[in-house]
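The values are calculated or read from the model by the stated rules, or taken from the named source; none is laboratory data. Just so it is clear, the structure is predicted and the values come from calculations on it, not from any experiment. Accessible surface is based on the protein model in full, side chains and every heavy atom, while ligands, DNA and RNA are left aside. Shrake-Rupley method; radii C 1.70, N 1.55, O 1.52, S 1.80 Å.
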Amino acid sequence: MRTFPLLLITAIVTPVIYIAGAVVLGTPPDAAASGQEVADWFGTHRTNARAYAWLLTILAPAVAVYAALV
């Protein structure tokens, strides 16, 4: 039962990081957007996209730990 605290922590942290990433990213352009619209969106939201990528990078080990313990 020593893994229970770690499982509990990852079960709480994983959705929190995922939701934080979704909030940080905002609403990206849809699939029908032109290349110029996508480029403009990234130009305007470059910091948000970078923060989203970092949050997903942090999320990956948390998901791996959770999957290993379940």
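Just the number, please: carbon plus sulfur as a percent of the accessible area of the chain, 1.4 Å probe, no ligands or DNA/RNA counted.
71 percent
Compute the angle between helix 46-69 and the longest alpha-carbon principal axis of the chain, please, reported from 0 to 90 degrees and rounded to the nearest 10.
20 degrees
Beyond 14 Å, how much of the Cα-Cα pair distribution for the chain remains, as a whole percent?
In whole percent, the long-distance tail amounts to 64.
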